[in-house]
Structure formats: C-alpha cells, structure tokens
Amino acid sequence: MKAIVTGGAGFIGSHLCDYLIARGHEVIALDDLSTGSEANLEQLAENPAFEFVKGSILDEKLVNDVIAEGDTVFHLAAAVGVHTIVDHPLQSLHTNLNGTENVVEAAAARGARFLVASTSEVYGKNDAEGLTEDADRVLGSPLKSRWSYAAAKGLDELVAYIYGVDSGLPCVITRFFNIVGPRQTGRYGMVVPRFVDQALKGDPITVYGDGTQRRCFGSVFDVIPAVVKLMDTPAAYNRAVNLGGREEVSIKGLADRVIELTGSDSEVRYISYADAYGEGYEDMQRRMPDTGLARELIGYEPQRRLDDIITSLADHTRTNSPSPHTTAA
Ligand code: UDP
C-alpha cells in the first residue's frame, strides 16, 4: 500500500507511520507541525519508503497533490487536546471542519481508501457503562467551547459517511478513547503525560475537579494494528468503530498509580475546573468504551494494562529528558 498519513508527525500518526513502514509499505506523512513534531519521525528520516511533507490540510491544492500519490488515506490531522480547543476555538473548528472536507474530497476523487480518526468526545456526557457505537450523544451548549470539538468531529464523521454512501468511498471511522503512549505530550491537555511529567519532576499532580471522574485509557500499541486491520476489512466500511482500553480508573486513582509507579514524592493538588479551563467548563464524569464491534470485525483484544501504559510513557519521558512535554497551566 502507498499510504498518506495526515497528522503523521503527531503522537498517534507517527506510531502509525512506524508501523506501516515496518510492514513494507510506502508512506507520505502530511503535517503542519502545529502540535506534531518532526522529532517523532526522525527514525524514519533516512528511509527511502518514507516522505515527510510539511503543510496544512487547509491547503486544498497541497492536499490534492499529496493524496494523488497514494492509494490509502489515514486522516489523523486535527486540532486536538482540550487546552487547544478551549484556547483556540475558531482555528480548531476551521481545521477540524474544512481540513477534513478537503481530505475526504481528495480521497474520493483519487479513489483511495479512507479512514478518519474520530473520538469518544462525540458521545459527550453520555456516561453509560460501555458506550456502543450507536449510543446517543449528550452534548452541552454549542456556546461552551469544550463541545465544539465533539460538534466538529461529529460532522467529520458525517461527511466521511456520506461520501461512503453516496460516492462509494471505502471509509472507516475510528473513535479513539483516551489513547496514551510514548511521544504524547501533555502540553495540550492530555492527562496521563501531564501526570507522568509532573511526577518525574516532583511537581504537584494537578487533579481537576474532585478527581472522581473516570476514564478508560488505551495503549497506542494496541490501537495502531487495529487501525490498519480495519482499513483492510470491507465489513468495517461505512461504520464507526470504538477503539480503546478496558481498565477504568478515576482521575484521583490515576494520580495515585502514577506516583506509585514512578516512585515520585509528588503530592496531589486539586484544581477547580474554572481555574484549569476557565469559567463554564463542563467535564464528562465517565467515558468507557464497548469495543465489541472491533472484536467482532478484527478480533480486537487490547493487551496493555494501565500500569504498562504508565510505565512505558515514564520510560520514554525519562530517556527524552529534559522533556519537551512541559505542562501547560
Ligand atoms: N485532567 C486532570 N488534570 C490534568 C489534565 C486533565 O485532572 O492536568 C482531567 C480532565 O479534567 C479529565 C480527565 O483528566 O477529567 C481526562 O482529561 P484529558 O484531557 O486527558 O481527556 P478527556 O477530557 O478528553 O477525556
């Protein structure tokens, strides 16, 4: 396959590039380096099967030119991270809506296979135990910037889906649930790299709210092979498929696990949502995937436990210190 990976210099995108190259495919990564980093791709720089193109998915001509070179498009480029979305709502919306439309259109015109990375954010405040793909979306007001990400990603799914139905675009939608791993930065909000960084520096671990909110963290190393398998599975076309882990933990529980596993003497510090994200912020209390559809389609069984995920991220952060993953406020 000759794959185009938009967002290829990002956390998940760069692992996908590694995985595809290791399996003998050719890859072009397109990334504007807004949140991604060329350092994530330095191991591929000399590989003749790999090419990096610096540019934005908002550049329609560039997107068309790059996608004309490939037969499979993994669309991972997006404005990501709660801090990014809250701090730059308009730019995030623009990237996530118009950028995706450019990429889908180009993939359809090229006759390429297409996968779009979506997110568990689309379920909003639905806190059911085990969210299935057809679960209802429970979103707050569109005027609360946190929900703009869910709104944009929901529309991304819809655009891809309509192209799949109307134009026969072979299209897969993956919904990632709190995916974690080496190269993920805490700078844009993601809690596990933030806690690991804080623990390794001995800084206070910043738990937002009362820490009872729960998440289910998944390993990037479980998710990447699943993404590639889904692209090769026609029964997955025109479907949305949840991907994530299965071990649920409260955020306070996560802080304790990070402290224990890193041997840190950090204390836990509680910070109000208003101080963390500004007034009017709404969090979701619980977010847990049902990954039964992925199991049915491709035999998906996540292997990595939360402790493995934390330990591998801590190892990566230690060997890359001084860390570029400095934490935001
Ligand atoms: N969170 C936290 N401290 C931080 C960053 C995040 O307590 O330094 C909380 C955040 O409020 C949320 C959870 O951790 O309840 C997961 O946050 P993240 O941004 O990683 O993912 P999402 O909110 O999209 O699930």
From the gyration tensor of the Cα coordinates in the range 198-329, what semi-axes in whole Å does the equivalent ellipsoid have, largest first, with each one equal to sqrt(5λ)? 31, 19, 13
With 10 angstrom as the radius, rank Val249, Val82 by how many other C-beta atoms surround their C-beta, starting from the fewest. Val249, Val82
Nearest-ten-degree value, helix 146-167 long axis tilted from longest Cα axis of the chain: 20 degrees
For a footprinting-style exposure proxy, rank Val86, Val207, Val104 by other Cβ within 10 Å, fewest first. Val86, Val207, Val104
Given charges of +1 on the Cβ of Lys and Arg and -1 on the Cβ of Asp and Glu, with all other atoms neutral, how large is the dipole of the chain about its Cα centre, in debye to the nearest 20? 300 debye
Of all DSSP beta bridges in the range 118-248, what percent run antiparallel (nearest 5)? 10 percent
Can you find, among Asn126, Gly81, Ser37, the residue sitting farthest towards the positive end of the charge dipole of the range 1-148, where Lys and Arg contribute +1 and Asp and Glu -1 at Cβ? Asn126
Hey, could you pull the Cα Rg and Dmax for the chain, both in Å? 18.7, 57
Euclidean distance between Cα centres, the range 41-115 to the range 7-27, Å: 13 Å
Degrees separating the helix 11-22 axis from the principal Cα axis of the chain, which is the longest one: 50 degrees
Do any of Lys125/Lys252; Lys54/Lys229; Lys144/Lys201 go past 23 Å between their Cα atoms, and which? Lys54/Lys229; Lys144/Lys201
How high is the relative contact order of the chain, in percent, with contacts defined as C-alpha pairs under 8 Å that are six or more residues apart? 18 percent
Quick one: if you take sqrt(5λ) for each eigenvalue of the C-alpha gyration tensor of the range 1-134, what semi-axes come out, biggest first, whole angstrom? 25, 17, 16
Cα-centred dipole magnitude for the range 1-85, charges only on beta-carbon of K, R (+1) and D, E (-1), debye, nearest 20: 200 debye
Give the percent of DSSP beta bridges with both residues in the chain that are antiparallel, rounded to the nearest 5. 5 percent
Enter the angle in degrees (range 0 to 90, nearest 10) between the Cα long axis of helix 251-262 and the first principal axis of the Cα atoms of the chain, meaning the one along which they spread out most. 80 degrees
Gap separating the Cα centres of the range 259-291 and the range 187-213, nearest whole Å: 7 Å
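Taken together, the values in this text are just the output of simple stated rules run on the coordinates, not laboratory data. All values reported here derive from a predicted model rather than from experimental measurement. Glycine also receives a Cβ, built like all others from the backbone with ideal geometry; neighbour counts cover every protein chain displayed.
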